[in-house]
Amino acid sequence: MRRVLIAGCGDVGTRLGLALAADGDEVVGLRRHPESLPAPIVKATGDLRSGDGLASTARGVHVLVYAAAADGFGDEAYRDAYVVGLQNVLAALHDARAPLERVLFTSSTAVYSQDDGVWVDETSPAEPTGFSGRRLREAESLALASGVASSVLRLAGIRTVRAR
């Protein structure tokens, strides 16, 4: 059985965690307020920005899924959520001598600068012009340089527009 830590276990992380648990993995959902996480996800309280609560959560982790979200739309909020948070989790896993085998980082299509309707795929250059894409690219680089097998998922946001 693998122990999977989902750091920033919100909507996406919860759905993933339930699927992984159904396949037999032990899933730990880390968030500041984990009370609403459903069983069988193990609730863990921690703060990615400060590192509080990460040491005890890091023990025995085989897979890290980093699915955090920024508290706001600003450079500092993105830096804290994606760069500082990931650094803190990776440091806690290292300090705990976790048997980490894989890192999965959820990023965003904000890393692409193309905004004129052209087709974008995994071979498109990721040269962001905005702070959000730059911070996500910085965090992607951290994940990929973590020393373990790593993957980056660049998820696209979907906006719902209501007719008036």
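Panel note: the C-alpha atoms of segment 54-109, placed on their principal axes, show extents of 34, 21, 12 Å (largest first). Rg then Dmax, both in Å and based on the Cα atoms of segment 3-155: 15.3, 46.
Cα-based values for segment 8-73, radius of gyration first and Dmax second, are 11.4, 37 Å. When the chain is treated as a GNM with alpha-carbon contacts under 10 Å, the residue of G85, G29, G60 showing the greatest mean-square fluctuation is G60. Summing Lys and Arg as +1 and Asp and Glu as -1 over all other residues whose Cβ lies under 12 Å from the Cβ of F131 gives a net charge of +1. Between Q87 and E138, the modelled label-to-label distance comes to 0.8 nm, taking each label 7 Å out from Cα in the direction of the beta carbon.
Bear in mind that the values in this text are calculations on the coordinates, not laboratory data. Treat the numbers as computed from the prediction; the structure is a model and nothing was measured. Please note: Cβ atoms are built from the backbone with ideal geometry, for glycine as well, and neighbour counts cover all protein chains shown.
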